[in-house]
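Working notes for the structure below.
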Amino acid sequence: MQKYFVAPSQFGEEHIDIEGNDAHHIMNVMRAKIGSSIEVSDGLAREALANIESYEEGVVRARIVEMRPLDRESVVHVTIAQSLPKGDKMETIIQKCTEIGAVRFVPFVSERTIVQYDAKKEAKRIERWGKIAKEAAEQSHRNRIPDIMSSLSWKQLIAQFSEYDRVLFCYEDERGTQLRDVVKPFAERLASDQTSIEAANKTQLDPLPNAKAPSVLVVVGPEGGFATREVEAALAAGARAVGLGRRILRAETAGMVATACIMYEFGEMGGL
């Protein structure tokens, strides 16, 4: 069943109005008929199964049949910080990591970034990446569309490390600590904490609040890797250097592998 994201203002009590490119896609690409069922989400707090009721003046109106649970998001929030890669590789990174479960993408410029940052093209590039994230979220039936942030300098990115519970610095020369060495005990401890909260809630009149979703920032460098001083700065700011196995991965592959491994350790892919 096809899924679509709409603005919260388009999501009514009984009907959902789908406009623009999505309406065109429903009627002219998918060739949906009146009465056909679709899934619709406002990307925030509401998701529904709806039946197409009419199509007039470029607007598809669908009647809500039932509200759906918001249960497709991961228990861990993974943000991918990616040094701008060449060509259309960033599009691939956003598409695939969205399917796997990443919630945010932060492009940045590091010392060996080959791509020349152009502020004039920034808005158009983010719009393009946002469209790719939306389509990937629809294809994978996510409950939300990942955020695409504006490009940062290396110093600006490091300044944000403290906002995350864990910062994993993917480093090809790291031979000791592997990603699993950091993520597995982190996931196990949080799972134990959540069990304790649930147990306490069964015996108290005032339940304890559920812990917020743990946040992990995965930092991936450019095709040429990080400069030594960048590695030193990242570690000094609290990042953990981790390896991704004995093989050297491409810049566009590292984020996908790291995200999948994190999801596995948090039980999103048959792990814990």
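What follows draws every value from the coordinates through simple rules; no lab data is involved. Computed from a predicted model, the values in this text were never measured in an experiment. Note that we place each Cβ from the backbone using ideal geometry, even for glycine, and neighbour counts take in every protein chain shown.
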- Taking the chain as a Gaussian network, where each spring joins two C-alpha atoms under 10 Å apart, which residue of Asn143, Asn21, Asn51 fluctuates the most? Asn21
- Starting from the Cα gyration tensor of the stretch 53-134, take the square roots of the eigenvalues, sort them a ≥ b ≥ c, and report rounded, prolate or oblate (rounded when a/c is under 1.5, otherwise prolate if a/b is larger than b/c, else oblate). oblate
- Item | Candidates Ile94, Ile248, Ile148, ranked by Gaussian network fluctuation over the chain, Cα under 10 Å, top entry | Ile248
- With label points set 7 Å from each Cα along the Cα-to-Cβ direction at Glu127 and Leu152, the distance between them in nm comes to 2.5 nm
- Message: Suppose every Lys and Arg Cβ carries +1 and every Asp and Glu Cβ carries -1, with no other charges. What dipole size does the stretch 3-67 come out with about its Cα centre, to the nearest 20 debye?
- Response: 280 debye
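How big is the shadow of the Cα convex hull of the chain, averaged over all directions, in nm²? The partial results should precede the final answer.
Numbers: hull surface 69.2 nm².
Hull-based average projected area comes out at 17.3 nm².
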- Item | Candidates Gly130, Gly224, Gly243: whichever shows maximal mean-square fluctuation once the chain is modelled as a Gaussian network with Cα springs under 10 Å | Gly224
- Query: In debye to the nearest 20, how big a dipole does the chain give about its Cα centre with +1 on each Lys and Arg Cβ and -1 on each Asp and Glu Cβ?
  - Reply: 800 debye
